[in-house]
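**Student:** Would you mind keeping the following structure in view while I ask a few things?
The values are calculated or read from the model by the stated rules, or taken from the named source; none is laboratory data. It should be emphasised that the depicted structure is a prediction, and the values quoted were computed from it without experimental measurement. Please note: Cβ atoms are built from the backbone with ideal geometry, for glycine as well, and neighbour counts cover all protein chains shown.
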Amino acid sequence: MPYVPQFSHTPLLYLHIHAIVNTNFTALSADTTIVNTNFIAYMQAGNVAFYCKTHPWDIVPHPTNCAQYYDCADVYMMKGDYFYECPYPQLFDPGTKECSTFTQVQCQSRFEPQEPCEYYQNECFKDDCVPCRFRFVSCIDKPDGLYAFPGEEFTNKYVRCYRNRTIEVKECETGLVFNPISRECGYFVTGSIEEVCNLYPNLVRPHPINCAQFIDCGEINPMTLEAVQECEYPKLFHPLTLTCRHFEEVQCGPRHEPRAPCEYLQNLCNGTDKDCVPCIDRLPSCIGFPDGANPSMDHMWSSTYLTCYKERTENVQTCVEGIFNPYTRNCSKDVIEEICSSSTYAVVAHPDNCAQFYNCEVENTKLGNYLMECPYPQLFDSNSLMCKDFQDVECGIKSQPLSQCDYHGHVCIGPHCKPCFDNQPSCKGLHDGPNTYPGLLFTPDFIICLQERTIEIGTCNDGVFDPTRRICTPRNDPELIEEYCTAHPDQIIHSPTNCAQYYKCATSGSSEVFLQECPYPKLFSTEDGLCKFFTDVECGARFEPQEPCEYR
């Protein structure tokens, strides 16, 4: 579809065809270009309104601009009485008295605008309007073809030029980048940077994938030996100012936004220093932690703790005295050390967490000094000193972890870990029994809960899980189609009863609006999701309409 720029004022109306009353025209050439000589005289006198009063149905070209015209049947105050302009990049054809494709119009001596900013409609009419040259791209003097969007090289945006016109501005599919050398969409390859830098030696652009990195063709990174540079942690690269800024000032869009220190190349061991401590040991991640003091997941119940802000590691600190308590989130005296030094076989319930306990026989545990944890969803019984079913344990005032993500054994450690709740659904706040899988509304997946614990993850054998009735049901159930389409706006599903009908979720409204019908005598194929000739469709148990009056 041709690219039509968005205007900052009332959009132009497409030309209506009017009956031509005036016949006072003189042909100038063998082509369709016609000029109304009387109108030119009135134009030179500056009296368009008077001409149009005497020729109320006339449509005439602007005498000097090939994209503009006057419609005497319609007083439209754009620039002046009766003034109109064709939508870019169309031109006005005096022969047909319509806006036409620019390749079909002969402008003769009239000025032929080619770039968007040569059209009056794209000028600024408000104080807050962005100047045209910043909103639109010019293709003047560029051969036909595709080009990187100026100022946004190494992104997914590109421009299609044809005969000096900006035909359209498009974007590559998600995950792809427009290569300004090959002039096509593809996956970003670091090797292509050198070719682009040879073409643009002073180019500075955001990295197309990583929001903390940028491409500076005038500099070579000593770590990568390429033009890829990196902002100092935790800064990000601003695509407009082309500078490293505080991460709260930058919108990354589709680019990956690194948050952990070890997602920055500058913090990794380069392989030449044999004594380099691995990044994850030096600079633990704050991903998933609230602002303030937090434990280091690799050094639970130790003197080490982190200061976090918006999931960034601000500092790695050490308690002046004692150890860092991950529950009170402050430094406190290490009582368990005293207990285990006097009784090496002691098993002690954790004072705050009902799922944890201390085992003095095991000093170096995954969670820290002697600390151990029951498997989910068990709790630790302080009477029997054993992990038991949560229904059989009295926790008193101690906190009870409910979801798997409340158990430290399920927390992933590392900069590339996904948040726990992405993989471990929670039953917090849900009723006992089957419930919708969080974030997967109207899908086959569901969870079974008991006392806010996730007991089981299930999948419907057929259809989807109905969150209202909390049962599996066909996804094309007419009673649920409105809710189903809200959750899946891009889907098309067949009607369960009529072989010629289907539901198109992209159509907003009630179930009656969602319901569509194939044109007679076609039927809807459940295999292809398309209307096909009736001989190519198997209806099964669905009603198969055959005569025209059986179609809506």
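**Student:** Looking at this structure, is Asp462 closer than 18 Å to Gly540 by Cβ, surrounded by fewer than 19 Cβ atoms within 10 Å (Cβ to Cβ) and not polar (S, T, N, Q)? Let's see the steps before the verdict.
**Tutor:** Details: closer than 18 Å to Gly540 by Cβ: yes; surrounded by fewer than 19 Cβ atoms within 10 Å (Cβ to Cβ): yes; not polar (S, T, N, Q): yes.
Against the criterion (closer than 18 Å to Gly540 by Cβ, surrounded by fewer than 19 Cβ atoms within 10 Å (Cβ to Cβ) and not polar (S, T, N, Q)), Asp462 qualifies.
**Student:** Here's a follow-up. Within region 249-268, is even one residue farther than 12 Å from Phe154 by Cα and of a type in the set (Gly, Ala, Ser)? Before the answer, list the steps.
**Tutor:** So the first thing to find is which residues in region 249-268 are farther than 12 Å from Phe154 by Cα, and the list is 249-254, 256-268.
Still in the list and also of a type in the set (Gly, Ala, Ser): 253, 260.
Yes, some residue in region 249-268 is farther than 12 Å from Phe154 by Cα and of a type in the set (Gly, Ala, Ser).
**Student:** Restricting the first residue to region 110-126 and requiring it to be more than 13 Å from Asn164 (Cβ to Cβ), which pairs with a second residue that is among the β-branched types (Val, Ile, Thr) and surrounded by fewer than 18 Cβ atoms within 10 Å (Cβ to Cβ) meet a Cβ separation below 7 Å and a spacing of at least six or different chains?
**Tutor:** Once the first residue is more than 13 Å from Asn164 (Cβ to Cβ) and sits in region 110-126, its partners that are among the β-branched types (Val, Ile, Thr) and surrounded by fewer than 18 Cβ atoms within 10 Å (Cβ to Cβ) give Arg110/Thr64; Phe111/Thr64.
**Student:** Same structure, new question: What are the residue pairs meeting all of these: first residue in region 305-332, first residue within 23 Å of Glu263 (Cα to Cα), second residue among the acidic types (Asp, Glu) and part of a loop (DSSP other than H, G, I, E, B), Cβ atoms under 7 Å, and 6 or more apart or on different chains?
**Tutor:** From region 305-332, the pairs are Cys308/Asp291; Tyr309/Asp291; Lys310/Asp291.
**Student:** Something else now. Going residue by residue through region 369-385, is there one that turns out to be surrounded by 19 or more Cβ atoms within 10 Å (Cβ to Cβ) and on the phi > 0 side of the Ramachandran plot?
**Tutor:** yes
**Student:** Can you tell me which residues in region 346-378 are in contact with an Asp or Glu (Cβ under 7 Å, 6 or more places away or on another chain), at pLDDT 85 or above and not hydrophobic (A, V, I, L, M, F, W, C)? Outline the logic, then answer.
**Tutor:** Taking region 346-378 first, the residues in contact with an Asp or Glu (Cβ under 7 Å, 6 or more places away or on another chain) are 355-356, 367, 369-370, 378.
Going one step further and asking which of them are at pLDDT 85 or above, we end up with 355-356, 370, 378.
Within region 346-378, Gln356, Tyr370, Gln378 qualify.
**Student:** Of everything in region 515-529 that's exposed (fewer than 15 other Cβ atoms within 10 Å of the Cβ) and not charged (D, E, K, R), which residue is farthest from Ser495 (Cα to Cα)? Please lay out each step first, then the result.
**Tutor:** Step one: filter region 515-529 for residues exposed (fewer than 15 other Cβ atoms within 10 Å of the Cβ), giving 519, 527-529.
Okay, now just the ones that are also not charged (D, E, K, R), so 519, 529.
Numbers: Pro519: 15, Gly529: 11 Å.
Once the filter is applied, the top-ranked residue is Pro519.
**Student:** For the condition crowded, with 17+ Cβ neighbours inside 10 Å and either aromatic (Phe, Trp, Tyr) or under 24 Å from Asn353 (Cβ atoms) (or both), what is the one hit in Gln391, Gln404, Gln451? Quick ask: steps written out before the conclusion?
**Tutor:** Values: Gln391 fails: crowded, with 17+ Cβ neighbours inside 10 Å; Gln451 fails: crowded, with 17+ Cβ neighbours inside 10 Å.
Of the residues listed, the single one that is crowded, with 17+ Cβ neighbours inside 10 Å and either aromatic (Phe, Trp, Tyr) or under 24 Å from Asn353 (Cβ atoms) (or both) is Gln404.
**Student:** Which of (1) within 26 Å of Phe421 (Cβ to Cβ); (2) crowded, with 20+ Cβ neighbours inside 10 Å is the odd one out, the single condition Arg329 does not satisfy?
**Tutor:** It is condition (2) that Arg329 fails.
**Student:** Looking at (1) within 20 Å of Gly396 (Cα to Cα); (2) not in a strand (DSSP E or B), find the lone condition where Val348 falls short.
**Tutor:** (2)
Conditions tested, residue by residue: (1) among the small types (Gly, Ala, Ser); (2) assigned to a strand (DSSP E or B); (3) crowded, with 16+ Cβ neighbours inside 10 Å.
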| position | (1), (2), (3) |
| --- | --- |
| Val362 | no, no, no |
| Lys418 | no, no, no |
| Asp422 | no, no, no |
| Phe442 | no, no, yes |
| Ile457 | no, yes, no |
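**Student:** Give region 331-362 a look and list any residue that's farther than 19 Å from Asp406 by Cα and under 47 Å from the mean Cα position of the chain (by Cα), or say none.
**Tutor:** Hits for region 331-362 are Cys331, Ser332.
**Student:** Further question: Has region 338-356 got at least one residue that is buried (at least 19 other Cβ atoms within 10 Å of the Cβ) and out of contact with any Phe, Trp or Tyr (no Cβ under 7 Å at 6 or more places or on another chain)?
**Tutor:** There is no residue in region 338-356 that is buried (at least 19 other Cβ atoms within 10 Å of the Cβ) and out of contact with any Phe, Trp or Tyr (no Cβ under 7 Å at 6 or more places or on another chain).
**Student:** Could you say which residue among Pro201, Pro208 is in contact with a strand residue (DSSP E or B) (Cβ under 9 Å, 6 or more places away or on another chain), of a type outside the set (Val, Ile, Thr) and either farther than 30 Å from Cys139 by Cβ or at pLDDT below 95 (or both)? Don't jump to the end; show me each part of the working.
**Tutor:** Numbers: Pro201 fails: in contact with a strand residue (DSSP E or B) (Cβ under 9 Å, 6 or more places away or on another chain).
Unique residue meeting the criteria: Pro208.
**Student:** Related question: Ser182 fails exactly one of the following numbered conditions: (1) touching a residue at least 60 places away in the same chain (Cβ under 8 Å); (2) in contact with a helix residue (DSSP H, G or I) (Cβ under 9 Å, 6 or more places away or on another chain); (3) outside any strand (DSSP E or B). What is the number of that condition?
**Tutor:** Exception for Ser182: condition (1).
**Student:** Give me the pairs, please: first residue somewhere in region 265-291 and hydroxyl-bearing (Ser, Thr, Tyr), second residue anywhere and crowded, with 17+ Cβ neighbours inside 10 Å and part of a loop (DSSP other than H, G, I, E, B), beta-carbon distance under 6 Å, and either six or more positions apart or on two chains.
**Tutor:** These pairs meet every condition: Ser285/Ala260; Ser285/Pro415.
**Student:** Report yes if some residue within region 68-81 is within 21 Å of Arg163 (Cα to Cα) and under 37 Å from the mean Cα position of the chain (by Cα); otherwise report no.
**Tutor:** To start, the set of residues in region 68-81 that are within 21 Å of Arg163 (Cα to Cα) comprises 68.
Next cut, under 37 Å from the mean Cα position of the chain (by Cα) only: none.
Looking through region 68-81, none of the residues is within 21 Å of Arg163 (Cα to Cα) and under 37 Å from the mean Cα position of the chain (by Cα).
**Student:** Residue check, Val348 against (1) farther than 25 Å from Tyr376 by Cβ; (2) assigned by TED's automatic domain parsing to the domain that holds Pro401; (3) among the β-branched types (Val, Ile, Thr), all met but one. Which one?
**Tutor:** So Val348 meets the others, but not (1).
**Student:** While we're here: Please go through (1) part of a loop (DSSP other than H, G, I, E, B); (2) under 40 Å from the mean Cα position of the chain (by Cα) for Ile397 and return the number of the only condition it doesn't satisfy.
**Tutor:** The number of the failed condition is (2).
**Student:** Only residues that are touching a residue at least 24 places away in the same chain (Cβ under 8 Å) and in a loop (DSSP other than H, G, I, E, B): list them for region 459-471, please.
**Tutor:** Pro467, Arg470
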